[in-house]
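Below is one structure, written out as structure tokens; the observations come after it.
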Amino acid sequence: MLRPTATVSVSLALVLSAAIGAPATAAPRPFTFDDYARLVKLGDPQVTPDLRMLFFSQARARLDTNRWQSAIWMQPLGAGLVPSGPAVQFSFPERGPKSEGQDLLPRLSPDGQKLAFLSTREGSAPQLYVLNLLGGEARKLTSLSAGISGAPRWTPDSRALIVPARLFADCPPFPAAAAAECDHKRSEAQEKNP
């Protein structure tokens, strides 16, 4: 199904302008560090197949941790993909043990029932999580020492995900649990004998 990306970009721009909330009549002035710290980075827009929801990542600077904090947000859409209400935070990576995780690269399943994304909520390299859009908690699917290195991709039937990851050549790619265990053992051995 083709997605109207130009309209999605306009909708994302509307969300961004509402999030920043800068008055249109503000006098020009130099851009300061405080202005930079208030910036919101939006990315990875994903529209549901029924064109009623937009999922995207939103990142804000956290000066207390000297890091960016990103989460996944949900924007209801009306006719013409125009926002039909306020955007709502959909994921909460800061609830992890280190209170500084990031959720990023959301990808909707082709059937529109699940959302896959990467997260560092456990304080480690990005791992793959899946969230059922009908409710429930995000479920962690990977535990790779080097993490996932890019955006996940759904198979057309929404039953599986393909992810880019660095694995040791002698570790089997399937089943996932065996790959993770082998990867973990090889990573530990490599740390002991660099």
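The values are calculated or read from the model by the stated rules, or taken from the named source; none is laboratory data. Everything quoted here is computed from the prediction, not taken from an experiment. So basically every Cβ, Gly included, is an ideal-geometry build from the backbone, and we count neighbours across all protein chains shown. Keep in mind that these areas ignore ligands, DNA and RNA; they rest on the heavy atoms of the full protein, side chains included. Shrake-Rupley method; radii C 1.70, N 1.55, O 1.52, S 1.80 Å.
Listed values, structure above:
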{"quantity": "By accessible area with a 1.4 Å probe, ligands and nucleic acids excluded, highest first: order of TYR36, TYR129", "calculated": "TYR36, TYR129"}
{"quantity": "Size of electric dipole in the stretch 75-138: Cβ of Lys, Arg +1 and of Asp, Glu -1, about Cα centre, debye, nearest 20", "calculated": "40"}
{"quantity": "Extension reserve of the PHE31-ALA169 stretch, reckoned as 0.36 nm per residue once the Cα distance is removed", "calculated": "44.8 nm"}
{"quantity": "Cross-link table LYS140/LYS185; LYS41/LYS192; LYS140/LYS192, entries beyond 30 Å C-alpha to C-alpha", "calculated": "LYS41/LYS192"}
{"quantity": "Within-10-Å neighbourhood charge of LEU167 [Cβ basis; K, R +1; D, E -1]", "calculated": "0"}
{"quantity": "Mean separation of Cα contacts under 8 Å (6+ apart) over length of the stretch 39-84, as relative contact order %", "calculated": "32"}
{"quantity": "Those residues of the stretch 153-174 whose amide nitrogen sits under 13 Å from the label point placed on LEU141, 7 Å along Cα→Cβ", "calculated": "153-165"}
{"quantity": "Cα shape, the stretch 111-169, gyration tensor, a/c 1.5 rule", "calculated": "oblate"}
{"quantity": "Within the stretch 35-80: Cβ-based charge dipole about Cα centre, in debye rounded to nearest 20 (Lys, Arg +1; Asp, Glu -1)", "calculated": "140"}
{"quantity": "Kirkwood hydrodynamic radius of the stretch 70-192, from inverse mean 1/r over distinct Cα pairs, in Å", "calculated": "15.8"}
